[in-house]
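What follows is one structure encoded as structure tokens, with my remarks underneath.
The values are calculated or read from the model by the stated rules, or taken from the named source; none is laboratory data. Nothing here was measured: the structure is a model prediction, and the numbers come from that model. Counting neighbours? That spans all protein chains shown, and the Cβs are built from the backbone with ideal geometry, glycine included. Protein only, heavy atoms only, side chains kept; ligands, DNA and RNA dropped before computing areas. Shrake-Rupley method; radii C 1.70, N 1.55, O 1.52, S 1.80 Å.
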Amino acid sequence: MDKEQKLENLHKKWIQECECDLKKVATQAVPGFGSATAQIMFIGEAPGKKEDELGRPFVGAAGKFLDEMLSTINLKRDDIYITNIVKYRPPNNRDPLPEEKSACRQWLLDELKIISPALIIFLGRHAMNNFFPDLQISNAHGKLLIKPFKGMSTKYFLPLYHPAAALYDGSMREILILDFKKIPKILKEIEKRES
Ligand code: URA
């Protein structure tokens, strides 16, 4: 079975089995989306209004900004895989609760196992703190983290500010754009370390 088929089966299984309480209030699940053979996997926080309507991650304003930044490094949405730590929209876009993150965690880890990307990029502190609970996004953004986790083949992580937070904050926006431009060099560095 190829990776695409495996991902499709995975999402079908978790849409049935996920026990996240947000399932009761969300329109539908928003599974990860994109290339099953991507080198880069982006992880966001949780779906917003537009994502909840369409069942696809990052299709609203933050997603458009993300697409603009991807194009500055010659990447398209089809080249990457993008998902969220929580697969259902929290009411009024509130922060996901710890139990909602836990309920969706295995779904995320299963996606990771199939994609097995060279680099995981965290979009915002929620995604980063899911793996690195002690880090502050204001210090960690734009810096490559190298840490092996049990059962995960990927050990390279790059935290970035969340595009939704940076959209309306001029200085955060500038930092995010600069951090984004580091991605090609970071990928080369990973390739060198792994060869
Ligand atoms: N913000 C997120 O974290 N995820 C989405 O899918 C959309 C906006």
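Based on this model, can you work out whether residue 35 counts as at pLDDT 95 or above, closer than 19 Å to residue 166 by Cβ and either more than 11 Å from the ligand (Cβ to nearest atom) or in contact with a Gly (Cβ under 8 Å, 6 or more places away or on another chain) (or both)? Give the steps one after another, and end with the answer.
Working: at pLDDT 95 or above: yes; closer than 19 Å to residue 166 by Cβ: no; either more than 11 Å from the ligand (Cβ to nearest atom) or in contact with a Gly (Cβ under 8 Å, 6 or more places away or on another chain) (or both): yes.
The answer is no for residue 35.
For the stretch 152-192, name all the residues that are touching a residue at least 40 places away in the same chain (Cβ under 8 Å), more than 23 Å from residue 63 (Cβ to Cβ) and surrounded by fewer than 17 Cβ atoms within 10 Å (Cβ to Cβ).
152, 153, 189, 191 - these are the residues of the stretch 152-192 that are touching a residue at least 40 places away in the same chain (Cβ under 8 Å), more than 23 Å from residue 63 (Cβ to Cβ) and surrounded by fewer than 17 Cβ atoms within 10 Å (Cβ to Cβ).
Quick one: in the stretch 12-32, of everything that is open to solvent by less than 90 Å² (accessible area, probe 1.4 Å) and in a helix (DSSP H, G or I), which residue is farthest from the ligand (Cβ to nearest atom)? Outline the logic, then answer.
Taking the stretch 12-32 as the starting set, the residues that turn out to be open to solvent by less than 90 Å² (accessible area, probe 1.4 Å) are 13-15, 18, 20, 22-23, 26, 28-32.
Still in the running and in a helix (DSSP H, G or I): 13-15, 22-23.
Values: 13: 21, 14: 16, 15: 16, 22: 13, 23: 16 Å.
This residue is 13.
Condition check ((1) surrounded by 14 or more Cβ atoms within 10 Å (Cβ to Cβ); (2) of a type in the set (A, V, I, L, M, F, W, C); (3) in a helix (DSSP H, G or I)) across all residues:
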position: 95; (1), (2), (3): no, no, no
position: 101; (1), (2), (3): yes, no, yes
position: 108; (1), (2), (3): yes, yes, yes
position: 112; (1), (2), (3): yes, yes, yes
position: 129; (1), (2), (3): yes, no, yes
position: 143; (1), (2), (3): no, no, no
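Starting from the stretch 106-124, take each residue that is touching a residue at least 12 places away in the same chain (Cβ under 8 Å) and list its partners that are within 16 Å of the ligand (Cβ to nearest atom) and among the charged types (D, E, K, R), counting only C-beta distances under 8 angstrom and pairs at least six apart or across chains.
Sorted first by the residue in the stretch 106-124, then by its partner, the pairs are 107/87; 123/45; 124/45.
Confirm whether residue 117 is closer than 25 Å to residue 70 by Cα, open to solvent by less than 50 Å² (accessible area, probe 1.4 Å) and part of a loop (DSSP other than H, G, I, E, B). Step through it out loud before you land on a result.
Values: closer than 25 Å to residue 70 by Cα: yes; open to solvent by less than 50 Å² (accessible area, probe 1.4 Å): yes; part of a loop (DSSP other than H, G, I, E, B): yes.
When the stated conditions are applied, residue 117 passes them.
Only one residue in 91, 96 is more than 30 Å from residue 189 (Cα to Cα), away from the ligand (no atom under 12 Å from the Cβ) and not polar (S, T, N, Q), so which one is that?
91
If you scan the stretch 70-87, which residues turn out to be within 16 Å of the ligand (Cβ to nearest atom) and open to solvent by 10 Å² or more (accessible area, probe 1.4 Å)? Reasoning before the result, please.
If we filter the stretch 70-87 for residues that are within 16 Å of the ligand (Cβ to nearest atom), which is where we start, we get 70, 77, 80-87.
The answer is 77, and nothing else.
Mind counting the residues in the stretch 35-62 that are part of a loop (DSSP other than H, G, I, E, B) and not β-branched (Val, Ile, Thr)? Give the steps one after another, and end with the answer.
At the first step, the residues of the stretch 35-62 found to be part of a loop (DSSP other than H, G, I, E, B) are 35-39, 45-48, 55-60.
With not β-branched (Val, Ile, Thr) added as a condition, the list becomes 35-36, 38-39, 45-48, 55-58, 60.
Going through the stretch 35-62 one residue at a time, the tally reaches 13.
Kindly evaluate residue 149 against the criterion of being open to solvent by less than 80 Å² (accessible area, probe 1.4 Å) and assigned to a strand (DSSP E or B). Full working, then the answer.
Details: open to solvent by less than 80 Å² (accessible area, probe 1.4 Å): yes; assigned to a strand (DSSP E or B): no.
It is false that residue 149 is open to solvent by less than 80 Å² (accessible area, probe 1.4 Å) and assigned to a strand (DSSP E or B).
Give the number of residues within the stretch 131-141 that are part of a loop (DSSP other than H, G, I, E, B) and within 20 Å of residue 63 (Cβ to Cβ). Before the answer, list the steps.
Here is the first cut: in the stretch 131-141, the residues part of a loop (DSSP other than H, G, I, E, B) are 132-136, 141.
From the residues that got through so far, the ones that are within 20 Å of residue 63 (Cβ to Cβ) too are 141.
Here the count works out to 1.
Given the conditions (1) within 12 Å of the ligand (Cβ to nearest atom); (2) more than 22 Å from residue 128 (Cα to Cα); (3) open to solvent by 20 Å² or more (accessible area, probe 1.4 Å), which single one is not true for residue 52?
(3)
Taking residue 46 as the residue in question, decide whether it is touching a helix residue (DSSP H, G or I) at 6+ places or on another chain (Cβ under 8 Å), surrounded by fewer than 19 Cβ atoms within 10 Å (Cβ to Cβ) and within 22 Å of residue 157 (Cβ to Cβ).
Details: touching a helix residue (DSSP H, G or I) at 6+ places or on another chain (Cβ under 8 Å): yes; surrounded by fewer than 19 Cβ atoms within 10 Å (Cβ to Cβ): no; within 22 Å of residue 157 (Cβ to Cβ): yes.
Against the criterion (touching a helix residue (DSSP H, G or I) at 6+ places or on another chain (Cβ under 8 Å), surrounded by fewer than 19 Cβ atoms within 10 Å (Cβ to Cβ) and within 22 Å of residue 157 (Cβ to Cβ)), residue 46 does not qualify.
Exactly one condition in (1) farther than 28 Å from residue 102 by Cα; (2) open to solvent by 50 Å² or more (accessible area, probe 1.4 Å) is not met by residue 133; state its number.
Status for residue 133: all satisfied but (1).
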